[in-house]
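Asks: Below you'll find the structure I mean.
Since every read-out is calculated from the coordinates, none of them should be taken as a lab result. Quick caveat, the model's predicted, so the values are computed rather than measured. So basically every Cβ, Gly included, is an ideal-geometry build from the backbone, and we count neighbours across all protein chains shown.
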Protein chains: 2
Amino acid sequence: MDDGLTSTFAALADPTRRAILARLALGPATVNELAEPFATTLPTVSRHLKVLEEAGLVVKERTAQFRPCRLEVAPLEAADAWIAQYRAFFGERFDRLDAQLKTMMAKKAKEGE
Amino acid sequence: MDDGLTSTFAALADPTRRAILARLALGPATVNELAEPFATTLPTVSRHLKVLEEAGLVVKERTAQFRPCRLEVAPLEAADAWIAQYRAFFGERFDRLDAQLKTMMAKKAKEGE
């Protein structure tokens, strides 16, 4: 039943984890490099990385000596496809306001005739 | 610091809650109507609805007698905008494979000359 979306969304439900992904979008980084900008301990960052790895959003390179982490976007693509189903509804409230405004303006224009 | 994304993604990290949103995309529904397709109890569905309400994804109408629930897409728009930052990387692996394939084909063509 679970298609990976649950673990993807759960992994994204944390500001530190989203910041780690933003950093990795610039290029691979070691755990130490990733921990630097955060006012937190290395074990905390490692724990966040573990969640991201389990969700398939981060991969640790096996070849390089320092095993840098890199971003893996496939789960984000799946999350994007899920949200895309709702895109038809986006901006709906503004469309409604726009329609109301047009009706009001048409009415005013008619009154001014 | 938290811009609502954390509660949005946390709310989406559950298959029942995603199914509730999919049902509400078809139109407003009462809690009883929402509970029907799920092999679960009414309190469980109510608990999921509470999470969706707190994330601003579901609104309970105050006017109608049965207080139907309706979908509110604004948080999904924000989540979509966040994921959009990574769209440039989508299909990257395929681009890489495509480039490899072209190199191989060019090499083969050269060998055949």
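Asks: Once you place label points 7 Å from the Cα toward the Cβ at B:T40 and A:M104, how far apart are they in nm?
Replies: Label-label distance for B:T40 and A:M104, simple model: 4.1 nm.
Asks: Mind checking which lysines have their C-alpha under 22 Å from A:K50, skipping anything on the same chain fewer than 8 residues away?
Replies: Correct list for A:K50: A:K60.
Asks: To the nearest 500 deg cm²/dmol, what mean residue ellipticity at 222 nm is calculated for chain A from DSSP H runs of n ≥ 4 alone, each contributing -39,500 (n - 2.57), summed and divided by the residues?
Replies: -18500 deg cm²/dmol
Asks: Taking the label point as lying 7 angstrom from Cα along the Cα-to-Cβ axis, what are the distances from B:P15 to the corresponding position in the remaining copies, in ascending order and in nanometres?
Replies: Distances between equivalent label points, in nm: 3.3.
Asks: Translational diffusion coefficient, Stokes-Einstein: compute it for chain A using the Kirkwood radius over C-alpha pairs as Rh, at 10 °C and 1.306 mPa s, and state it as an integer in µm² s⁻¹.
Replies: 93 µm²/s
Asks: Once the label point is placed 7 Å from Cα along Cβ, list for B:P43 the distances to the corresponding points in the other copies, in nm, shortest first.
Replies: 3.7
Asks: Mind listing the label-point distances from B:F90 to the same position on all other copies, shortest first, one decimal in nm, points 7 Å along Cα→Cβ?
Replies: 1.0
Asks: Taking the Cα atoms only, what angle lies between the long axis of helix B:42-54 and the longest principal axis of chain B, rounded to 10 degrees?
Replies: That works out to roughly 70 degrees.
Asks: Per residue, what volume in Å³ does the convex hull of the Cα atoms of the protein assembly as shown enclose?
Replies: Normalising the Cα hull of the protein assembly as shown by residue number yields 234 Å³.
Asks: Now a separate question. Name the nearest-to-axis residue of chain B, judged by Cβ distance to the rotation axis taking chain B onto chain A, and quote that distance in whole Å.
Replies: For the rotation taking chain B to chain A, the closest Cβ gives B:F9, 2.
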